[in-house]
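Report on one structure; see the data block that follows.
The values are calculated or read from the model by the stated rules, or taken from the named source; none is laboratory data. Treat the numbers as computed from the prediction; the structure is a model and nothing was measured. When we count neighbours, we look across all protein chains shown, and the Cβ atoms used for this are built from the backbone with ideal geometry, even at glycine.
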Amino acid sequence: MQKLKFICSISIITIICLTTSCFSFSEYYTWSVLDKSIPVSTDLTENNETSDNNFLNLEAESAILIEQNSGKILYEHNIHERLHPASVTKVMSLLLIMEALDSGKITLDTQIPCSSNASSMGGSQIWLDTTETLSVNDMLKAICVVSANDCVMALSEYLGGTEEGFVQMMNTRAKELGMNDTTFKNCHGLDEDEHLTSAYDIALMSRELLTNHPTITNYSTIWTDTLRDGKSALSNTNKLVRNYAGCTGLKTGSTSLALFNLSASATRDGLSLIAVVMKAPTSALRFSNATSLLDYGFSNYSYKSFGNQGETVKQIAVTKGLSETVNAVYETSPSFLIKKGEESGITYEINLNESVQAPISQGQTLGTIKYSLNGTELASVNLVAETSVDKIQLFNMIKHIFNNWFTLLRI
């Protein structure tokens, strides 16, 4: 009896597979549902709602606040004015060091020698000696925590061959990032003619460093530490690391020409902000101005997640496939910047076919989910196939039947 059922099953499947026509129904449909997310551009983008009227009454000559993930500008004040960056220059130096780590050119354990040029640096330093070497890990600590000019010079010479070679790398990278207000003349930030940048450009390179190299915060959030077996004490020049909840960095700088600069970063409840302050009259004012910017951002915006990459949105019927259904999942995580108070105007539409015909490849686009604010489309996230589904063919269908029968017979 079992043999008869088996033969009948194969016969029926063979007829189906050899049939020249197959009927399937495909209906396109849309759901509209209240949502709470505002997708934004992935670039550093101007915000039409902000204006350069300095309504926070900042004392700094120039300032900017951006949301890290989207790059959206939330506050601006003279953001393209070219000013001396002082040691905030080291954000670019740190970016190139982290990229060298990623490429394998150096490791955290690589020992870096100290040249006479590096040992003779002025300004902030840890007093490197030409007879000693220090690991990349320890030099990163010294650069991030105490802004060590001798360490950044030693690393720049190691990576660029000479300081000049490294500075050329800095300027090339700046061009790639769209830092059109910037000209670097050195790797450390001591005052030189035409060594200039802007708050906008500092926000650009700070975002690049934090977004693509988040492990930098392992160093930029250190409050106190030691080097050389406890012989050299380190205390962070960025007081927000200790005094501002959620602070993740990033870099201070001050000289007689630059006055007091700061690139400050913080994250709270998934919202990551970067505040840049340039040419504040005093050290205390640069920290208070940065605090005002960050407070403004956290008070007026939030960053919400409405799903995770790979999470199922809808199960779709499959025709002519070995599997009857396939899951449509988020291609990327739908997480967006929201201005508080606008939640009620956010909607989304899921656009999917009711069925899809095999074969289907894993990651194949099946539809989209579109987000809108008060009827204006803001962004779209693709919905893709979670798994592959093979098309029904005689060989794989017989194989499938055999597998099912052997499973049944073992029960």
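Looking only at residues that are hydroxyl-bearing (Ser, Thr, Tyr) and surrounded by 15 or more Cβ atoms within 10 Å (Cβ to Cβ) in region 295-304, which one is nearest to the chain's Cα centre (by Cα)?
303
Could you check region 247-260 and list, in sequence order, the residues that are within 17 Å of residue 92 (Cβ to Cβ), in a strand (DSSP E or B) and of a type outside the set (S, T, N, Q)?
249, 250, 251, 253
Check whether at least one residue in region 90-105 is modelled with pLDDT of 95 or more, of a type in the set (Val, Ile, Thr) and assigned to a strand (DSSP E or B), and report yes or no.
Scanning region 90-105, I find no residue that is modelled with pLDDT of 95 or more, of a type in the set (Val, Ile, Thr) and assigned to a strand (DSSP E or B), so the answer is no.
Can you find a residue that is at pLDDT below 95 and not in a loop (DSSP other than H, G, I, E, B) anywhere in region 46-66?
No, region 46-66 contains no residue that is at pLDDT below 95 and not in a loop (DSSP other than H, G, I, E, B).
Out of 322, 273, I need the residue that is at pLDDT 95 or above and at negative phi. Which one?
Of the residues listed, the single one that is at pLDDT 95 or above and at negative phi is 273.
Would you check if there is a residue in region 379-392 being modelled with pLDDT under 85 and either closer than 20 Å to residue 331 by Cβ or loosely packed, with under 13 Cβ neighbours inside 10 Å (or both)?
Yes.
Criterion first (hydroxyl-bearing (Ser, Thr, Tyr) and free of Cβ contacts under 8 Å to residues at least 24 places away in the same chain) does residue 226 satisfy it?
It is true that residue 226 is hydroxyl-bearing (Ser, Thr, Tyr) and free of Cβ contacts under 8 Å to residues at least 24 places away in the same chain.
With respect to residue 292, is the statement that it is surrounded by 16 or more Cβ atoms within 10 Å (Cβ to Cβ), on the phi < 0 side of the Ramachandran plot, of a type in the set (Ser, Thr, Tyr) and modelled with pLDDT of 95 or more true?
It is true that residue 292 is surrounded by 16 or more Cβ atoms within 10 Å (Cβ to Cβ), on the phi < 0 side of the Ramachandran plot, of a type in the set (Ser, Thr, Tyr) and modelled with pLDDT of 95 or more.
Here's a check for you: in region 247-262, which residue that is touching a residue at least 40 places away in the same chain (Cβ under 8 Å) and not hydrophobic (A, V, I, L, M, F, W, C) is nearest to residue 87 (Cα to Cα)?
Applying the filter and picking the extreme gives 253.
So which residues in region 261-311 are farther than 19 Å from residue 90 by Cα and in a strand (DSSP E or B)?
Matches in region 261-311: 267, 268, 271, 272, 273, 301, 302, 303, 304, 305.
Of all the residues that make up region 101-153, how many are among the hydroxyl-bearing types (Ser, Thr, Tyr) and under 20 Å from residue 252 (Cβ atoms)?
Total satisfying the criteria: 2.
Would you point out which residue out of 308, 238, 300 is of a type outside the set (Lys, Arg) and modelled with pLDDT under 95?
308 is the lone residue from the list that is of a type outside the set (Lys, Arg) and modelled with pLDDT under 95.
Just the residues that are surrounded by 19 or more Cβ atoms within 10 Å (Cβ to Cβ) and of a type in the set (A, V, I, L, M), please, taken from region 314-336.
Residues satisfying the conditions are 316, 318, 326, 328, 329.
Within region 300-311, take every residue that is free of Cβ contacts under 8 Å to residues at least 40 places away in the same chain and among the polar types (S, T, N, Q) and give me the one that is nearest to residue 348 (Cα to Cα).
Only one residue tops the list, namely 305.
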